[in-house]
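Every number in this text was worked out from the coordinates using simple rules, so none of it is lab data. A quick note: this is a predicted structure, and the numbers were derived from the prediction, not measured. When we count neighbours, we look across all protein chains shown, and the Cβ atoms used for this are built from the backbone with ideal geometry, even at glycine.
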Amino acid sequence: MATTTMAVGANILRGGAGSVRIQLLLSSFSSAKFSNPSLSFSRSSLKLTTILQTPRFFHFHCHHPNINTNLSLSFCTSPATTPDTAAASTTSSFSDKDKDKDKDNNVNIKDAANMLDIRVGRIIKAWRHEEADSLYVEEVDVGEAEPRIICSGLVKYIPVDFLQDRKVIVLANLKPRNMRGVKSNGMLLAASDAAHENVELLEPPEGSLPGERIWFGSEEDKENQSAPATPNQIQKKKIWELVQPHLKTDDSCIAMLGEQLMQTSAGAVMSRSLKNAKIS
């Protein structure tokens, strides 16, 4: 295998994922033969060993798998195209991309939340589940022709008498679940503290009507709210699992999606007393 030493011009070009590409402009040749005096090498295709590096002078020994030769390369670069400058530029670019990604994620969460069918409901009656000590069974009016049957694990936290004729917030487009012999068609949303020792059902403001759909944000957001997804879509795309970690109450016990209010046409949805609590 031949060894060739030559002086070359070079451009150091920034590539994706922090890579640096070296474009070599060959000006003289020895025993090696090349089809094109302008070659591009990258870290993935070229073995590079730095022998000497000064602020503007670089000397490499390298081997390209597609060329039957070893090269000893020397070249100069301008300060604006040194590897340090390229790396700094790449870091800045990644920082901007991270910010854009965070912004896109926020938009995606809002879009996902709009796929949920969250409604005002009214519990017509509630009773203890006959086969599960931790569950209540509730008959809930959510503005449909017939009330829904919903099971909730609230026995430990809320007295059954407190549920009678109570307005609540219902996640209505979940797939039905069989809970110890009772088919549950939805979920009551509640706030809970970090230790999950205190749990309170979310409450719609006075004047909210059963069946009214909840939205997040401003009046304009209400007008632009998309139609809810089907229960199958909610399950398949794991929409609730995506949105739920972003639901919380703020310092005033108001229910929020990130920084967006959860509200009805009558005002904001709230927890009775739990601040900075997660919602599930």
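Listed cross-link partners LYS175/LYS238; LYS125/LYS156; LYS110/LYS237; LYS175/LYS236; LYS175/LYS278; LYS237/LYS275 are compared with a 20 Å cut-off, the Cα-Cα value being larger for LYS175/LYS278; LYS237/LYS275.
A full extension of the chain between GLN235 and ASN178 corresponds to an added length of 19.0 nm, given 0.36 nm per residue minus the alpha carbon distance.
Label zone of ASN108 (point 7 Å out along Cα→Cβ, amide N under 13 Å): in the stretch 224-266 this covers 238-239, 242-243. Taking every alpha-carbon pair within the stretch 147-280, the share separated by more than 21 Å comes to 43 percent. Close amide H contacts of GLY143 (hydrogens built in the peptide plane, cut-off under 5 Å, sequence separation of 5 or more or a different chain): GLY211.
Dipole of the stretch 136-269 computed with +1 at Lys/Arg Cβ and -1 at Asp/Glu Cβ about the Cα centre; of LEU247, GLY153, SER265, farthest Cα towards the positive end is GLY153. Taking amide H as placed 1.01 Å from N in the peptide plane, the amide H of ARG166 sits under 5 Å from that of ILE123, each at least 5 places away or on another chain.
Note on the stretch 115-154: with charges restricted to the Cβ of Lys and Arg (+1) and Asp and Glu (-1), its dipole about the Cα centre is near 180 debye.
Converting phi to 3J(HN,Hα) with the Karplus coefficients 6.51, -1.76 and 1.60 and the offset θ = phi - 60°, the stretch 240-245 yields 5, 5, 6, 7, 3, x Hz in sequence order, with x at every glycine or proline. Across the stretch 205-214, rounded Karplus estimates of 3J(HN,Hα) from the backbone phi angles (6.51 cos²θ - 1.76 cosθ + 1.60, θ = phi - 60°) give x, 4, x, 6, 9, x, x, 5, 7, 7 Hz, Gly and Pro being marked x.
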